Amino acid sequence: MTNSGSAVTVLAIGAHPDDCDIGAGGVAALYARAGHRVHFLAATNGDAGHHEMGGAPLARRRLAEAKAAAAVVGIEYTVLDNHDGELEPTLANRRTIIRLIREITPDLILTHRPNDYHPDHRYTSLLVQDAAYMVTVPGVVAHTPHLPRDPVICYMADDFSRPYPFSPDVAVPIDAALDLKLEMLHRHTSQVYEWLPYNAGRLEEVPDGEEERRAWLREAYAPRSAHVVERFRDLLAELYGAERASTVRYAEAFEASEYGAPLTVEARMRLFPFEGV
Ligand SMILES: [Zn+2]
C-alpha cells in the first residue's frame with residue numbers, strides 16, 4: 001500500500017472511553033505520526049465501569065484518563081455524557097452522531113460490529129450504521145451542513161463468531177506503535193488496573209509500582225494484537241507480501257461495512273497508507 005500524500009481524517013467511535021484505544025490505538029499512533037488527523041469518540045461516559053466508584057466522579061475520572069491517553073499520541077478524544085450501560089439507538093442519539101460525524105468530517109470511521117457481548121457496543125455500532133447515509137441527507141439534522149458523500153466505515157476486530165466471524169479487509173502491522181498503544185492503555189487506570197481485572201477475577205495479580213504495571217499490562221494486552229496476526233496472516237501476506245508479513249508480530253484489522261462508502265483498492269490505499277511501517 002502506498003500513501004497518496006493527502007492527509008486523512010479518521011474518526012473512531014467506541015462505546016466506552018477505552019474501546020477505541022483497544023481496537024485502534026496502534027493505527028491511531030501511526031496515523032498521528034504520519035500527520036493524519038485522528039479523533040476518538042466514546043458514546044458513553046463510562047460511569048458504570050468500576051466496582052468501587054461510579055456516577056459523576058467516575059465519569060470525570062474516565063474523561064481525564066481518555067484525554068491523557070489521547071495526549072500520548074497527539075489525537076483528540078471526545079466523550080459523550082451518556083450513562084454507561086444504558087446507551088440506546090434512539091433518534092436523539094442518532095442525531096448527535098450525525099452532527100458529530102458532519103462536524104469532524106472523517107474520511108474513515110472505525111467502530112464496533114453490531115454483534116458483540118456488550119449492549120453499549122452493539123448500540124454504538126447501530127448508531128453509526130443508522131447515521132451512515134443520513135449524514136448525506138440535507139433535511140436530516142438540518143442545522144449542520146450535510147456531507148457530500150459517505151465516509152468509509154470499518155469495524156474493529158473482535159472474536160465473536162455469530163452470525164459470522166470478523167472478516168477483515170485490511171490488516172495493519174502495528175509493531176512500530178505497540179509501545180504507544182500500551183502507553184495509551186496505561187492511562188486508563190480505572191479500567192486496565194482496576195475494573196477489568198476485578199471483573200475478570202484477577203485483581204490480586206495487578207502490581208502496585210508504575211513500571212511493574214506497565215510490564216503487567218504488556219503481558220495482558222500485547223497478545224491481543226499478536227492474536228490478530230495469527231488469525232489474519234494470509235491477509236497481511238496479500239497486502240504486504242509474504243516476506244514482510246512473516247516479520248509482523250502485532251496488528252490491528254478492520255472490516256468494511258456495506259453501509260459506508262465502498263472500500264475500493266484505491267480507497268484502501270489512501271485511507272490505510274501504512275506500507276513499510
Ligand atoms: Zn466497551
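Values in this text are rule-based calculations from the coordinates and carry no lab data. Being a predicted model, the structure only gives us computed values, none of them experimental. Glycine gets a Cβ as well: all are built from the backbone with ideal geometry, and neighbour counts include every protein chain shown.
Name the pairs whose Cβ atoms lie under 8 Å apart, with the first residue in region 214-226 and in contact (Cβ under 8 Å) with a residue 24 or more places away in the chain and surrounded by 15 or more Cβ atoms within 10 Å (Cβ to Cβ), the second of a type in the set (Gly, Ala, Ser) and in a helix (DSSP H, G or I), and 6 or more positions between them or separate chains? Filtered contacts from region 214-226: Ser225/Gly26. Of everything in region 63-78 that is in contact with a helix residue (DSSP H, G or I) (Cβ under 6 Å, 6 or more places away or on another chain) and more than 18 Å from Arg37 (Cβ to Cβ), the residue that is surrounded by the fewest Cβ atoms within 10 Å (Cβ to Cβ) is Ala68. Restricting attention to region 93-139, the residues that are more than 17 Å from the chain's Cα centre (by Cα) and in a helix (DSSP H, G or I) total 13. Output the number of residues of region 29-60 satisfying the condition of being buried (at least 24 other Cβ atoms within 10 Å of the Cβ), within 16 Å of the ligand (Cβ to nearest atom) and among the hydrophobic types (A, V, I, L, M, F, W, C). Residues meeting the conditions: 4.
Can you find a residue that is at positive phi and either in contact (Cβ under 8 Å) with a residue 60 or more places away in the chain or within 16 Å of the ligand (Cβ to nearest atom) (or both) anywhere in region 69-86? Yes: region 69-86 contains one or more residues that are at positive phi and either in contact (Cβ under 8 Å) with a residue 60 or more places away in the chain or within 16 Å of the ligand (Cβ to nearest atom) (or both). For Ser167, are the conditions met, namely being within 20 Å of Phe254 (Cα to Cα), polar (S, T, N, Q), in contact with a strand residue (DSSP E or B) (Cβ under 9 Å, 6 or more places away or on another chain) and within 16 Å of the ligand (Cβ to nearest atom)? Taking the combined requirement at face value, the residue does not satisfy it.
For region 189-205, name all the residues that are surrounded by 11 or more Cβ atoms within 10 Å (Cβ to Cβ) and either of a type in the set (D, E, K, R) or in contact with an Asp or Glu (Cβ under 8 Å, 6 or more places away or on another chain) (or both).
The answer is Thr189, Ser190, Gln191, Val192, Glu194, Pro197, Arg202, Leu203, Glu205.
Sub-9 Å Cβ pairs linking a first residue in region 116-129 that is on the phi > 0 side of the Ramachandran plot and more than 9 Å from the ligand (Cβ to nearest atom) to a second residue that is of a type outside the set (Val, Ile, Thr) and assigned to a helix (DSSP H, G or I), at least 6 apart or interchain, number zero. Every condition in (1) part of a helix (DSSP H, G or I); (2) in contact with a helix residue (DSSP H, G or I) (Cβ under 8 Å, 6 or more places away or on another chain); (3) of a type outside the set (Val, Ile, Thr) holds for Tyr259 except the one numbered (1). If the condition is being near the ligand (Cβ under 9 Å from one of its atoms) and part of a helix (DSSP H, G or I), then region 7-24 contributes Asp19, Ile22.
Pull up region 262-277, narrow it to residues that are assigned to a loop (DSSP other than H, G, I, E, B) and out of contact with any strand residue (DSSP E or B) (no Cβ under 8 Å at 6 or more places or on another chain), then point me to the one that is surrounded by the most Cβ atoms within 10 Å (Cβ to Cβ). Going through the qualifying residues, I end up with Pro273.
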